[in-house]
Amino acid sequence: LSSDKIKITNLKKDKAQFLGYNISIGIAKKITKVHFKGKTPFLKRTTGWLVHLEAPIQNIIAKLFVKGFCTKNGFPKPKKIWTIMPDHLIVYSYNITFAGILQYYSGVRHRHMLTRLKYIFKYSCAMTLATKHRSSITKVFKKHGSSLAIVYGISGEKTIRFKDFNV
């Protein structure tokens with residue numbers, strides 16, 4: 001065992017980081033209403049303290065900065081290495097990257113906190129398309145709509161959109 005990697009933490013007081021999650025124990029106890037036949041329902045503490053999993057948004061943004069999706073402060077920027085790809089593959093690449101992060105953090109307590117990541121990916125995608133076509137983000141959204149719908153195929157029979165995942 002490595003002493004650098006081992007950390008003993010009181011989860012009621014501090015959060016612990018494990019596999020990219022912040023783990024803590026909430027203050028509230030889980031209480032359920034118990035019903036027995038012929039008796040008045042009553043409240044009962046069932047499992048004690050609840051464990052909470054949270055996504056460390058600042059750590060995720062720092063990793064997105066290293067990968068080139070945003071600035072150090074979390075503002076989107078174009079991923080210039082992807083500008084050589086066709087438009088539909090750019091949107092597809094952003095979709096699968098964002099979907100992978102959402103899938104990994106699907107069990108977090110406050111999933112709505114991941115909307116910051118959706119903003120970063122959507123506008124980074126628009127900036128990448130704007131950089132590729134030497135245009136502005138406003139023109140990209142006017143041309144493709146707010147969902148960045150890209151029509152492709154030989155006769156334009158296929159469409160790919162930036163997925164608006166329910167966060």
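Criterion applied to ILE61, ILE23 was being open to solvent by 30 Å² or more (accessible area, probe 1.4 Å), hydrophobic (A, V, I, L, M, F, W, C) and either closer than 30 Å to GLU157 by Cα or in contact with a strand residue (DSSP E or B) (Cβ under 8 Å, 6 or more places away or on another chain) (or both), and the one residue passing it is ILE23. Which residues, counting only those in the stretch 1-31, are charged (D, E, K, R) and free of Cβ contacts under 8 Å to residues at least 24 places away in the same chain? Scanning the stretch 1-31 gives ASP4, LYS5, LYS7, LYS13, ASP14, LYS29, LYS30. Can you tell me which of LYS44, LYS30, LYS79 is touching a Ser or Thr at 6+ places or on another chain (Cβ under 9 Å) and within 26 Å of HIS144 (Cα to Cα)? None of the others qualify; the one that does is LYS79.
Checking each residue in the stretch 78-117 for being among the charged types (D, E, K, R) and buried (at least 18 other Cβ atoms within 10 Å of the Cβ) picks out LYS79, ASP87. Evaluating TRP82 against the criteria (1) among the hydrophobic types (A, V, I, L, M, F, W, C); (2) over 30 Å from ILE25 (Cβ atoms); (3) touching a strand residue (DSSP E or B) at 6+ places or on another chain (Cβ under 6 Å) leaves one unmet condition, (3). Restricting the stretch 5-46 to residues that are over 29 Å from LEU102 (Cβ atoms) and of a type in the set (Ser, Thr, Tyr), the residue that is modelled with the lowest pLDDT is THR46.
Summed over the stretch 125-167, residues that are open to solvent by less than 30 Å² (accessible area, probe 1.4 Å) and basic (Lys, Arg) total 0.
The values are calculated or read from the model by the stated rules, or taken from the named source; none is laboratory data. A quick note: this is a predicted structure, and the numbers were derived from the prediction, not measured. Backbone-built Cβ (ideal geometry, glycine too); neighbour counts: all protein chains shown. All accessible areas refer to the heavy atoms of the entire protein, side chains included, with ligands and DNA or RNA removed. Shrake-Rupley method; radii C 1.70, N 1.55, O 1.52, S 1.80 Å.
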